[in-house]
Amino acid sequence: MEVNVELLIGTKVSDVNGNKIGRIEELRYERDDTSCRIEAYLIGASALIDRLSAWTLLRPIGRALRTRKVLQVYEVPWQEMDLRDPKHPKLRIAKGDLRHAK
Amino acid sequence: MLQITLGIVTSVGGFLEIGSVTTAAQAGARFGYQLLWAIALGTICLIFLVEMSGRLAAVSKHTVVDAMRERFGFPFFFIVCVGIVVVAFMVLVAELGGIGFGLQILTGIGFPWWAVPISFVVWLLMWKGTFGLIENGASLLGLVTLSFLFAAFRLHPSWSSAGAALIPSMPQSGKAQYGFIAVSIIGASISPYLMYFYSSGAIEDKWDRTYIPINRFIAGFGMTFGGVLSIAVLIASALALQPNGILVDTFPQAALLMTTALPKWGFYLFAVSMIFACFGAALEISLAIAYFFAQGFGWNWSEDLEPSKNARYAFVYTIIIMLAAIPLVLGVDPIKVTVISMALTSATLPLAIVPFLFLMNDPIYLGKYRNGWISNTVVAIIILMSFVLAVISIPLQIIGG
Amino acid sequence: MDAALSWVGTAGMAGDAWLRHTTPDKYTRQTLDLSGQTLLQIGRDLRKSPRPAIDNAMIDTALARSRSHIARMSRLVVEKNAPDFRTQLDSLRQDQKLVKQLADSIEASSK
Amino acid sequence: MGLVRDVLDKKLMDREDCCMGRVSGLVMHVSEHAQPRVTHILIGGPTPWMRIHPSLGRVSRWLAGMWGPKNGEAVRIPWSRVETIGRDIKLDVEAKETGALDWEIWIARHVIERIPGSGSEEEE
């Protein structure tokens, strides 16, 4: 099945129980000579900061406000993302099992 | 060192165009020296913004538009595109009208008659000329505007009261009008298309990292050049027009600016200065609009290529210049267009400056050359100011304009 | 009223410059005509909203006189008649003083 | 590496460093158990407009079918043609053959080269 990456960006994701997680903001990829594999999906407002390459600008502000939580990003490995309906992506796991990106 | 012309030509588009000259003249005629601070503030902001655009281009080889499209994506780019292009188009109409006015006071033939020939000459220069020719030609012709400075000196201004006016103060009466002119002055000097033009110019002139110190000098010197001349217009107007109670609502009134200071040549120098300055500004804006589209959509672009080698880019400026002539032929008053476009520039300022703050702190584009805390503080202040301007510019236009 | 003063001043300054042979005839005529027309319009607007405590008739007379001087100056430009032009310009300067006084008194009364 | 940060909206260059537009979209292949792969790069057409709103995409497709080169679809370049991803994205293709320059060529033929002094070879 074909999915348009540019349209996936900004769609809301829910977990296996239907809880809201956030929006997909970025896709991690690995490439070799011929192919380009998706490794993980980054979800949450802070993934937007990653995508805008704005850490150097915003991290000091985040530190000053002591809001570490806001600045964390969910990283969902490709195995745990269900894209059968690209307009409404769902996780195959529960919100509690999510990992934060480093 | 010849690169200084890029600074001067950018500065001409910022300060020595119909908008800045008429607002500076209006400010002087109505409030004397009192609004000098607004020009000084605009100049300082512009020095910082232009320096940053040049640095971004020299280090990352991306123009501001390139980087904006890449980081913020197509939808955001498109919103900015519509906002900036509409405003820049109105400014272009005003500049072509300014050339027409200059020719009108020299020959007595009304500006609508000049619209088509002027547009054709501007277009022809874009069509056949190279970037170097436009850059050097426009800045060389722009030197005529030094006559404003000469005129201001001849009127023996009081330097102490001029200096005192660098600190903002409120007038006794006409507060709305005062606010409106202050917003217009800042709007007329900090125009986003200047940043786009300057960074594209840096790419056309093939700058690299070694140009960083030169870029700083060019931005500082070029914008100061324009700022000082703009201040000279204000002073000349305060000393020559204010005593006669002339408020400068129309172009023929502005033409009297230098007749007291330079009795013999003042009138003609004013007309010629306006023609050359508006001509430079018109070229700069047409280029900026064409660059904006070409870079945003990833087309081939360079003023040095022949039109058939970058057809879409050439097509954009051809259409834009043609369209800009239409309102003038129909007799739309360029001064009115100028006034509206300046308020709109202020209103669209946040759209251009906010993404700029992000880009200038991007480690991928700029590495160790990204903004330090001084530059960031200045941009943050400009953003705050631009939001205030955006909110108050339209109401002020209705009350004070 | 500020606008009226501005246009009387414009006509005066354009006249001065023409007498010194430093502006083209056409520009001078166009500017004088524009001043005359604008003053006519300003006079109409002022009459539409007459203000109490101010002698509106006096304003009318002052503006009408200025306009007739300006109109005559415009004709004298065509005839290149500098001496008569100077006389008209001097009378216009007198009107300018009157308009200034009127404008000042309006400003004082509005405070 | 981030697909949005480092690939999407970047400028594309062909073998001869001719600009051929920007990455408007990326197609990825998803199946139940295999790892998702990016298969194609999309250039122009309705793709960028879709990103603003689907209806704009439809309008763009309809308009492009009526004027110019009369091709309402985006150009698809297989991912295997990607050579390097750096400041720009370099592709191992000939820009003219991909269709990415259809509009450029159409405007050059129908407008620009009809104006004297455009520097086209046919003129002389």
query: Taking B:G280, is it within 13 Å of another protein chain (Cβ to nearest Cβ) and open to solvent by less than 30 Å² (accessible area, probe 1.4 Å)?
result: no
query: Going through the range D:45-72 one residue at a time, which ones are in a helix (DSSP H, G or I) and away from chain B (no Cβ under 11 Å)?
result: D:P54, D:S55, D:G57, D:R58, D:V59, D:S60, D:R61, D:W62, D:L63, D:A64, D:G65, D:M66
- prompt: Restricting attention to the range B:91-110, which residues are open to solvent by 10 Å² or more (accessible area, probe 1.4 Å), in a helix (DSSP H, G or I) and not hydrophobic (A, V, I, L, M, F, W, C)?
  reply: B:Q104, B:T107
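Yes or no, residue by residue, for (1) buried (at least 16 other Cβ atoms within 10 Å of the Cβ); (2) in contact with a Gly (Cβ under 6 Å, 6 or more places away or on another chain); (3) not polar (S, T, N, Q):
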site	(1), (2), (3)
B:S341	yes, no, no
B:A352	yes, no, yes
B:F356	yes, no, yes
B:M360	yes, no, yes
B:L366	yes, no, yes
B:R370	yes, no, yes
B:A380	no, no, yes
B:L389	yes, no, yes
B:L396	yes, yes, yes
message: Can you tell me which of (1) within 12 Å of chain B (Cβ to nearest Cβ); (2) in contact (Cβ under 8 Å) with a residue 12 or more places away in the chain; (3) open to solvent by 20 Å² or more (accessible area, probe 1.4 Å); (4) basic (K, R) is the one D:K90 doesn't meet?
response: (1)
task: Enumerate the strands (runs of 3 or more DSSP E) found wholly within chain A, keeping only those where 3 or more residues are within 14 Å of chain B (Cβ to nearest Cβ) and in contact with a strand residue (DSSP E or B) (Cβ under 7 Å, 6 or more places away or on another chain).
output: A:20-31
message: Name the single residue that is nearest to B:T318 (Cα to Cα) among those in the range B:123-165 being among the hydroxyl-bearing types (S, T, Y) and modelled with pLDDT of 90 or more.
response: B:T130
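Could you tell me which of the residues B:I214, B:I190 is buried (at least 24 other Cβ atoms within 10 Å of the Cβ) and either touching a helix residue (DSSP H, G or I) at 6+ places or on another chain (Cβ under 7 Å) or not hydroxyl-bearing (S, T, Y) (or both)?
None of the others qualify; the one that does is B:I190.
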- line: Just one listed residue, out of B:L384, B:L389, is under 20 Å from the mean Cα position of the chain (by Cα) and away from chain A (no Cβ under 14 Å), and it is B:L389
field: Checking B:G174 against (1) surrounded by fewer than 24 Cβ atoms within 10 Å (Cβ to Cβ); (2) on the phi < 0 side of the Ramachandran plot, the condition it does not meet
entry: (2)
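Per-residue answers, yes or no, for (1) open to solvent by less than 10 Å² (accessible area, probe 1.4 Å); (2) touching a residue at least 24 places away in the same chain (Cβ under 8 Å):
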{"position": "B:G32", "(1), (2)": "yes, yes"}
{"position": "B:W37", "(1), (2)": "no, yes"}
{"position": "B:M52", "(1), (2)": "yes, yes"}
{"position": "B:A57", "(1), (2)": "yes, yes"}
{"position": "B:A67", "(1), (2)": "yes, yes"}
{"position": "B:E70", "(1), (2)": "yes, no"}
{"position": "B:F89", "(1), (2)": "no, yes"}
{"position": "B:P112", "(1), (2)": "no, yes"}
{"position": "B:V116", "(1), (2)": "no, yes"}
- request: Take the range A:15-30 and flag every residue that is crowded, with 16+ Cβ neighbours inside 10 Å, without any contact (Cβ under 8 Å) to a residue 60 or more places away in the chain and at negative phi.
  value: A:R23, A:E25, A:E26, A:L27, A:R28, A:Y29
- line: Of the residues in the range D:1-44 that are open to solvent by 20 Å² or more (accessible area, probe 1.4 Å), more than 20 Å from A:R51 (Cβ to Cβ) and in contact with a Ser or Thr (Cβ under 7 Å, 6 or more places away or on another chain), the one that is farthest from the other protein chains (Cβ to nearest Cβ) is D:G44
- prompt: All but one of (1) closer than 24 Å to D:I77 by Cα; (2) open to solvent by less than 50 Å² (accessible area, probe 1.4 Å) hold for A:D82; which doesn't?
  reply: (1)
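May I ask you to list the residues in the range A:5-14 that are in contact (Cβ under 8 Å) with a residue 24 or more places away in the chain and either surrounded by fewer than 18 Cβ atoms within 10 Å (Cβ to Cβ) or farther than 14 Å from D:L42 by Cβ (or both)?
Those that are in contact (Cβ under 8 Å) with a residue 24 or more places away in the chain and either surrounded by fewer than 18 Cβ atoms within 10 Å (Cβ to Cβ) or farther than 14 Å from D:L42 by Cβ (or both): A:L7, A:T11, A:K12, A:V13, A:S14.
For the structure I just gave you, tell me whether B:F111 is at pLDDT below 95 and within 14 Å of another protein chain (Cβ to nearest Cβ).
Values: at pLDDT below 95: yes; within 14 Å of another protein chain (Cβ to nearest Cβ): yes.
Yes, satisfied.
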task: Within the range C:1-24, work out how many residues are in contact (Cβ under 8 Å) with a residue 12 or more places away in the chain, closer than 17 Å to B:L269 by Cα and at the interface with chain B (Cβ under 8 Å from one of its Cβ atoms).
output: 1
message: Can you say whether B:V80 is within 30 Å of B:G372 (Cβ to Cβ) and out of contact with any strand residue (DSSP E or B) (no Cβ under 8 Å at 6 or more places or on another chain), as far as the supplied structure shows?
response: yes
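The values are calculated or read from the model by the stated rules, or taken from the named source; none is laboratory data. These numbers come from a predicted model, not from an experiment. Every residue, glycine among them, receives a Cβ derived from its backbone with ideal geometry; neighbour counts consider all protein chains shown. The area values use the complete protein model at the heavy-atom level, side chains included, leaving out ligands, DNA and RNA. Shrake-Rupley method; radii C 1.70, N 1.55, O 1.52, S 1.80 Å.
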